[in-house]
Amino acid sequence: MLSEIQKKMLRELTGRSEFGDGAFNIRANGCSAGRHSTKGIRIEPKPNGAGLDVYIEPGLRDDNVSIPVVMTESGLKEEVYNDFHVGEGAVVTITAGCGIHNCGREDSQHDGIHRFFIGRGSRVKYVEKHIGEGDGAGRRILNPVTEVYQEEDSVLEMEMTQIRGVDETERTTKAALKAGARLAVRERLMTGARERAVSHYAVTLDGAGAVADIVSRGVARGDSVQTLDLKIVGNAPCRGHTECDSIIMDRGHIVAVPTLEAADIDAQLVHEAAIGKIAGDQLDKLMSLGLTAAEAEARIIEGFLS
Amino acid sequence: MIQIRNLAYTAKTDEGEREILRGIDLDIPDGRLIVVTGPNGGGKSTLARLVAGIAKPSGGSIVFDGRDITGASITERARLGIGFAFQQPVRFKGLKVMDLLAIAAGRTLAKSEACDYLVSVGLCANDYLQREVNSSLSGGELKRIEIATVIAKASKVSIFDEPEAGIDLWSFQSLIDTFRNMRRTIANSSIVIISHQERILAIADEIVVIKDGLIARHGPKAAILPSLIGTSMAAPGCPKFGRGDVPVITEGKIHA
Ligand SMILES: Nc1ncnc2c1ncn2[C@@H]1O[C@H](COP(=O)(O)OP(=O)(O)O)[C@@H](O)[C@H]1O
Ligand SMILES: [Mg+2]
């Protein structure tokens, strides 16, 4: 049985309160709290119990699968290996994410290692949210590793959001794209208090016409520290764009490390990075429409991270 | 009614202090449409920013409906009923046109209401409501959205700083109709428009000419407008570069 706290976090992670007869797997405090496969999407536990294989049938149209994780027990530490096998030409939305509610004194940690094998011509949307809550002294730690292998002409859109309460996170995302494949990443990161967040991206464009667009927006408040390390390698005629846009507040600290590497004369790679506080005239404008300074700031951040 | 008394603004620059406004006395009575004009750099925008609370005066006072607001915050003034369309509108990553209009109106807006505001500034609403107010908008589009937010706010006193910039001739008439409409729909409201445009001067009740941080002339339109035009006609040489006491109108535009 799921607790109310777990149900609330699941709703926040997946945007739904029940999964009906769709494909899903819910992991709660290290155990499966519900799993369902469908005709087109098969979810199988790995033999050692440390994760799942998710098989998405070739040609599947417009289906979705959710595999949220919730942890409410203080002191739990786990490493989970999930592999997604997306068949050729499938169109699918995958929702993942982890919510940690830690009221205890010990650290809770979830390290999800996700591999995506994205079949030729398929279109995948991946939505991942990370949330931390609870007022215990124990820290909430998430270290996701994502590996992406995109076959020819496949499309992957990734939305990754972490907007509160995760004390420590080191996120590593690697992707290799074959000819004509497209990858779009939208990362949203907000840290506060003494939180630490590191996000590494290493995207390799190996085939002609491969395209990657990685946009990371971050807000660092309190005494938090963010490091964004975005790298694109172009090994073929390809296009790569990374953008790292951060708002710094209070005593926040932000490091942006862009790397572009080209090994083909027709590789076009662009990086944009900006760090700055909220512009004074943005506050002035919203205040002149009747918002207080605090309301104006909240709206600006909400918009920026939307 | 806004009463501005001996209002001064001194800016700190690299070369020391600089007097931008040197004692402005001006009443903005209820129900009036006042156009403020004058050469660039004269202090028009500074005056508007002081009234909106975006800059703090170094001397003098501002009283709004009997209440001294000289020290009031931007928010307080906005809530009391002052609206201000910036000369240089602000961009926001992630905020949509619809969001800004709703913030301005202070409530959720039906799509049709939001559309009406955009149409009144000459924008085809369906194309814009869900657009982000970011650098993908042109200067002219941004300027119209800025004006639309102040119209949506429906303030007792609305100040528009050079609303004509970036507005094409076709939309110009609808903009003028919009100002006229505002006067009718908001009871006792007054409108202040900073402008160089003859067609905007033509709808004024009063005209104020600001030059070198002081009010150079102020009076009913009938008393001021002919002299603005008259001087330009009498000015020798190229009127664009004339250094007369007052602005100069050429082809409907006034130049310093
Ligand atoms: N904060 C400031 N610091 C320095 N100079 C300023 C400041 N604000 C305005 N000014 C100067 O004051 C003069 C008047 O500016 P402004 O009010 O924008 O004039 P206008 O709107 O009439 O063109 C200009 O020369 C401008 O550069
Ligand atoms: Mg100005």
Which ones in segment A:144-158 are in contact with a His (Cβ under 8 Å, 6 or more places away or on another chain) and not in a strand (DSSP E or B)? A:P144
Flagged in segment A:40-61 as part of a loop (DSSP other than H, G, I, E, B) and within 18 Å of A:S154 (Cα to Cα), in numbering order, are A:E57, A:P58, A:G59, A:L60, A:R61
Taking the conditions exactly as written (more than 16 Å from ligand 1 (Cβ to nearest atom) and without any contact (Cβ under 8 Å) to a residue 12 or more places away in the chain), does B:A105 satisfy them or not? no
Which residue is nearest to A:M158 (Cα to Cα), if the candidates are limited to segment A:208-229 and must be assigned to a loop (DSSP other than H, G, I, E, B) and open to solvent by less than 10 Å² (accessible area, probe 1.4 Å)? A:A210
Within segment A:233-250, count every residue that is within 18 Å of the chain's Cα centre (by Cα), crowded, with 21+ Cβ neighbours inside 10 Å and either within 26 Å of A:Y149 (Cα to Cα) or more than 14 Å from chain B (Cβ to nearest Cβ) (or both). 2
Are there any pairs with C-beta distances below 6 angstrom linking a residue in segment B:32-58 that is within 17 Å of B:I215 (Cα to Cα) and within 13 Å of chain A (Cβ to nearest Cβ) to a residue that is β-branched (V, I, T) and more than 7 Å from ligand 1 (Cβ to nearest atom), with the two at least 6 apart or on different chains, and if so which? B:A48/B:I159
Might you let me know whether segment B:69-85 holds any residue that is within 14 Å of ligand 1 (Cβ to nearest atom) and either modelled with pLDDT under 95 or farther than 18 Å from B:E162 by Cα (or both)? no
Would you mention how many residues in segment A:171-194 are under 22 Å from A:I141 (Cβ atoms) and open to solvent by 20 Å² or more (accessible area, probe 1.4 Å)? 6
Tell me yes or no: at least one residue of segment B:27-39 is in a strand (DSSP E or B), open to solvent by 10 Å² or more (accessible area, probe 1.4 Å), within 16 Å of ligand 2 (Cβ to nearest atom) and not basic (K, R). no
Going through segment B:151-176 in order, the residues found to be under 12 Å from B:V121 (Cα atoms) and either buried (at least 21 other Cβ atoms within 10 Å of the Cβ) or in contact with a helix residue (DSSP H, G or I) (Cβ under 8 Å, 6 or more places away or on another chain) (or both) are B:I151, B:A152, B:P163, B:E164, B:G166, B:I167, B:D168, B:S171, B:F172, B:S174, B:L175, B:I176
Check whether at least one residue in segment A:119-132 is open to solvent by 30 Å² or more (accessible area, probe 1.4 Å) and among the aromatic types (F, W, Y), and report yes or no. no
Has segment B:84-106 got any residue that is within 20 Å of the chain's Cα centre (by Cα) and more than 20 Å from A:I300 (Cα to Cα)? yes
Could you tell me whether segment B:174-187 includes any residue that is modelled with pLDDT under 95, within 16 Å of ligand 1 (Cβ to nearest atom), away from every other protein chain (no Cβ under 14 Å) and part of a loop (DSSP other than H, G, I, E, B)? no
Per the filter on segment B:83-104, residues more than 8 Å from chain A (Cβ to nearest Cβ) and aliphatic (A, V, I, L, M) are B:A85, B:V97, B:M98, B:L101, B:A102
Residues of segment A:62-77 being crowded, with 17+ Cβ neighbours inside 10 Å and part of a strand (DSSP E or B), which ones? A:D63, A:N64, A:V65, A:S66, A:I67, A:P68, A:V69, A:V70, A:M71
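Residue-wise test of (1) crowded, with 17+ Cβ neighbours inside 10 Å; (2) more than 14 Å from chain B (Cβ to nearest Cβ); (3) modelled with pLDDT under 95; (4) under 16 Å from A:A202 (Cα atoms).
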site	(1), (2), (3), (4)
A:D264	no, yes, no, no
A:L269	yes, yes, no, yes
A:K285	yes, no, no, no
A:G290	yes, no, no, no
A:S306	no, no, yes, no
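The values are calculated or read from the model by the stated rules, or taken from the named source; none is laboratory data. Being a predicted model, the structure only gives us computed values, none of them experimental. Please note: Cβ atoms are built from the backbone with ideal geometry, for glycine as well, and neighbour counts cover all protein chains shown. With ligands, DNA and RNA removed, areas are computed over all heavy atoms of the protein, side chains included. Shrake-Rupley method; radii C 1.70, N 1.55, O 1.52, S 1.80 Å.
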